[in-house]
Every structure is written in structure tokens, then in C-alpha cells.
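Note sheet for the following structure.
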Amino acid sequence: MTPLQILDMAHRFGRRIVLRRVTLRVEPGECAVLYGANGSGKSTLLSLLATRLRIQQGSCLLGDVNLQTHGDLARRYIVLIGHHSHLYGHLSPMENLLFFRDMHQVAADMDALADAIGAVGLEPFAHQPVRWFSAGMKKRLSLARLLIARPRLLLLDEPYSALDQDGVSWLNGVIHRFQHQGGLVVMASHDPEKVQPLRHTPWHLHGGLLQSVTESHRC
Amino acid sequence: MLKAIYRLAWKDVIADFRHRSTFSSMLFFAIAVLLVFQAAFEPDPQEAQRLVPGLLWSTVLFTTILGLGRVFQAEEENGALEGLLLAPLPRGAIFFGKWLGNLVLSLLVMTMLVPLTLVLFNVTIWGHVPMLLLLLFLGTMGLTALGVLLAAMTQTARSRETLLALLLLPLVAPLLIAGVQSMNSVIASGSLTGPWLNLLLIFDVVYLALAPWGFGWLMEE
């Protein structure tokens with residue numbers, strides 16, 4: 001059970017400052033939800049935590065793993081489900097999960113992959129190319145990765161987009177179980193109603209600054 | 001890590017066979033180039049034997065460039081390149097996976113290209129075919145290593161295929177010269193030794209050592 005600690009993290013794209021001195025601690029079992037307008041830096045923060053972007057200033061520790069210096073190691077414990085599905089259209093759901101399993105060096109046999117596909121309701125389409133799937137089906141398949149990867153830190157960028165009501169309930173169930181097992185969740189969302197059933201800590205990103213929602217209301 | 005490299009290459013080869021895209025384009029292009037050369041030169045067998053190394057290597061270069069232009073095509077869909085970069089792997093491993101997939105497709109074309117050239121040009125050096133294939137294999141290793149790196153560099157450019165060819169041609173010229181010269185010596189003496197072969201091996205080692213490092217540097221944001 002390891003916490004996530006972000007200390008004084010700042011980031012800029014060229015001259016544009018996106019994040020200023022962001023400090024956040026997420027305890028095991030906690031779900032930190034980032035709210036904020038478009039372009040407020042939510043996705044940038046998630047990309048930094050996923051080690052997709054290089055940390056320019058500040059530091060970030062996942063347990064005792066420094067994300068800045070040990071990115072390859074940290075990525076073993078992190079799964080990011082973002083705007084893009086990261087799926088290959090010519091591969092079937094089964095093949096996409098097989099690809100994910102081997103790229104992320106996850107110990108999961110074919111039965112576990114089939115179970116994950118069944119759990120997201122894509123069993124009838126398990127061997128069809130993903131290219132023809134709807135956005136919701138692709139989202140479900142990308143979420144199926146959570147079930148086989150068992151990460152320590154789960155990063156979700158707008159996870160409810162393209163999901164129907166059943167999909168939203170299913171996802172909240174998965175996140176709830178993940179929290180119960182001591183997992184860390186950082187989520188960017190525009191849907192407070194859909195997040196509501198989850199035990200979570202809301203944060204607000206504005207002008208590159210991260211504030212707790214109560215603080216931001218006070219401002 | 002080896003499993004990840006294999007899986008990445010497998011994904012690219014499977015994609016190609018399902019869509020019959022790169023491999024078939026490369027093969028038909030190679031056949032077309034050889035047919036044009038044959039029709040243009042109409043060489044007698046002795047002259048053809050002299051021309052074969054140059055013809056083979058220029059065809060290999062053209063077909064490889066064609067394949068390299070599509071190396072990162074699958075990664076453009078659904079942000080798949082970002083997905084690859086989120087894997088807990090050194091960037092070099094991702095490079096080797098992409099390189100291996102491209103190498104397999106290129107080598108499949110090469111294995112068909114050599115007998116086809118000998119038949120078309122009526123050159124009876126069938127005993128040398130394994131050595132010719134080995135030389136093409138060695139040359140293609142370095143060529144595709146550099147090519148995959150340059151394809152990664154140019155993947156976001158609008159006219160990336162032109163840019164790729166412009167960057168690749170001067171950089172692989174020494175490797176191609178070494179390939180042509182070592183093939184000449186194989187055909188003339190039947191032995192697979194000599195300074196040109198050493199040079200070919202040196203280029204392979206240099207490209208395969210530097211390209212993964214360059215790829216990692218390119219992918220950092």
C-alpha cells in the first residue's frame with residue numbers, strides 16, 4: 001500500500017505555463033478527482049503522472065519510486081485510460097489484450113483475458129476487428145485492461161465519456177473495488193454526478209493551481 | 001522484454017498480412033522495377049552477372065523505402081503510439097519491436113527478389129544464392145534500423161515519405177556501396193570475406209547501436 005506524492009510540480013509548453021507548484025498526496029484507497037475548465041491542465045497532470053511527459057520541475061513519488069528518474073519501473077504500476085483508446089483496429093479484443101499483456105509484462109493467461117472481455121460485455125465480439133466497434137465498445141475494451149493489469153495507480157481521463165448508464169455503473173463498481181484493495185486513483189472529469197457514487201476527494205485546477213474544492217469555492 | 005519486442009513485431013506483421021498492404025506493395029514494386037531494368041538493358045548473361053549486385057541493391061533500397069513510409073501507420077490510429085510509450089519498457093525495446101516487424105517483411109520480399117532477379121536476367125549463379133541472401137539480410141538490418149529511426153522522426157511531417165527518402169539516401173549510401181561491392185566479390189570469387197563485408201558489418205553495428213538511443217531521445221517530451 002503506497003501513497004502518491006506530488007510536490008511542487010510545474011509544467012509549461014513553450015511560454016505557456018500549464019501547471020504551477022502543484023502539490024498533492026493521494027493515500028491508498030483514495031480517489032482524487034480533478035475538475036476544471038478545458039485547458040486547465042488536468043490531462044497534462046495525468047500525462048506527467050503516467051510518465052508520458054517529462055517532469056520539468058518538482059517531484060513525484062509513487063511509494064518509493066521516483067517517477068522522474070525511474071519512469072520505466074514506475075510504468076509497471078500505472079495504467080492510464082485516456083481520451084485515446086490505444087487500441088489497434090486490425091486486432092480483435094482478444095489480440096489487443098494479448099498485446100497489452102505482453103507490452104506491460106502482466107501475468108495473465110488466456111482465460112483471464114477472456115474473463116476480462118466477458119466482464120465488459122464484449123464476449124460476442126471477442127474475435128472481431130476493433131476497427132468497426134462503436135466509441136462506447138472501444139471505451140469498454142480499453143477499460144478491460146484494468147482488470148488484467150492490476151496497477152497501483154489508476155489514471156483516468158474523462159472515463160465516463162461514451163459510456164452508457166450500465167457502463168458508468170460498471171466502471172464505478174470497478175473503481176470502488178480497486179479503492180477497496182488499496183489502489184490509488186486520479187481522475188479528470190467533467191461529470192460530478194457520475195463520480196458522486198464514488199468515495200472521492202474533489203480538486204479544482206484553475207490557472208495552473210490545484211486547490212481543494214472547498215478552497216476554490218471560498219475563492 | 002524479448003516477449004514485448006516479439007509481440008510488437010507480431011502485431012505489425014499480422015496487420016500487414018490482414019490488409020495485404022506493405023508486403024504486397026513492396027513485392028509488386030520490386031517486380032516492376034526489375035522488369036523495367038530488364039526491358040531497358042536487355043543484358044547478355046555475362047553483362048547481367050556484372051549488373052546483378054547493383055540491380056538487386058537498388059531494388060532493395062526502393063522497396064525498403066516504400067515499407068518504411070508505413071512503419072508507424074498503425075500507431076497513428078487511436079493514439080496507439082502513446083499507448084506504446086506508456087508501456088514499462090525502455091524506448092529502445094519499442095524501437096527493436098518496430099524494427100523487427102519491418103525487417104521480417106523486408107526479408108520476405110528479399111527472399112523472393114533474389115531468385116526472381118536471377119530468372120529474369122538469366123544469370124546462372126544459383127550456387128551463390130544463400131550467400132547473396134545473407135548479404136541482403138546483413139544490409140537490410142542496417143538499412144531498416146536507420147530507416148525506422150528516420151520514419152519515427154518524419155512521421156508527423158506532411159510529406160513524410162519524400163522527407164524520409166531525402167534523409168535516408170545519403171546516410172545509407174556507404175552501406176549500399178559496401179553491399180554492392182561485397183556481392184560483387186561473392187559472385188566473382190564465391191567467398192564471403194573481404195573488407196567490404198567488414199564494412200557492411202560495421203555499419204550494421206553502428207546503426208543498430210545508435211538508432212535505439214536516437215529513438216528514445218526522439219520520443220521524450
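Below is a table of values for the structure above.
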| item | result |
| --- | --- |
| Residue of B:Gln181, B:Gln155, B:Gln73 that the Gaussian network model of chain B assigns the largest fluctuation, springs spanning Cα pairs under 10 Å | B:Gln73 |
| Lys, Arg +1 and Asp, Glu -1 on Cβ, resulting dipole of segment A:19-116 about Cα centre, debye, nearest 20 | 740 debye |
| Cα-based Rg / Dmax (Å) for segment B:95-215 | 15.3, 47 |
| Chain lengthening between A:Arg54 and A:Ser169 when straightened (0.36 nm per residue, less Cα-Cα) | 38.0 nm |
| Pairs from A:Lys42/B:Lys3; A:Lys42/A:Lys139; A:Lys194/B:Lys11 whose Cα-Cα separation, in the structure shown, is over 31 Å | A:Lys42/B:Lys3; A:Lys194/B:Lys11 |
| Residue order, fewest to most beta carbons within 10 Å, for B:Phe95, B:Phe29 | B:Phe29, B:Phe95 |
| Where the Cα pairs of the protein assembly as shown fall when distances are cut into 20 Å bins, in % | 23, 46, 23, 7, 0 |
| Candidates A:Ser43, A:Ser92, A:Ser134, ranked by Gaussian network fluctuation over chain A, Cα under 10 Å, top entry | A:Ser134 |
| Cβ-based net charge around B:Ala9, under 13 Å, with every Lys or Arg adding one and every Asp or Glu removing one | +1 |
| Three-way shape label, segment A:65-114, alpha-carbon gyration tensor, a/c 1.5 | oblate |
| Additional length obtainable on full extension of the chain from B:Leu169 to B:Thr111, 0.36 nm per residue less Cα span | 18.6 nm |
| Charge-dipole axis of chain B as Lys and Arg at +1 and Asp and Glu at -1 on Cβ define it, positive-most pick from B:Gln49, B:Gly97, B:Thr154 | B:Gly97 |
| Top of B:Asn122, B:Asn102, B:Asn78 by mean-square fluctuation, Gaussian network on chain B, Cα under 10 Å | B:Asn78 |
| Cα-only radius of gyration and Dmax that characterise segment B:120-168, units Å | 15.9, 46 |
| Under 11 Å, Cβ to Cβ, from B:Phe121 - net charge with Lys/Arg +1 and Asp/Glu -1 | -2 |
| For segment A:60-183, convex hull volume per residue from C-alpha positions, Å³ | 107 Å³ |
| Three-way shape label, chain A, alpha-carbon gyration tensor, a/c 1.5 | prolate |
| Area projected by the alpha carbon convex hull of segment A:91-147, averaged over all directions, nm² | 3.4 nm² |
| Cut-off 12 Å between beta-carbons: net charge of the residues surrounding B:Trp213, Lys and Arg +1, Asp and Glu -1 | 0 |
| Rg/Rg_ref, segment B:2-220, where Rg_ref = 2.2 N^0.38 Å and atoms are Cα | 1.03 |
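A short reminder: the numbers here are calculations on the coordinates, not readings from a lab. Note that the structure is a prediction, hence the values are computed from the model and not measured. Virtual Cβ from ideal backbone geometry, glycine too; neighbours counted across all protein chains shown.
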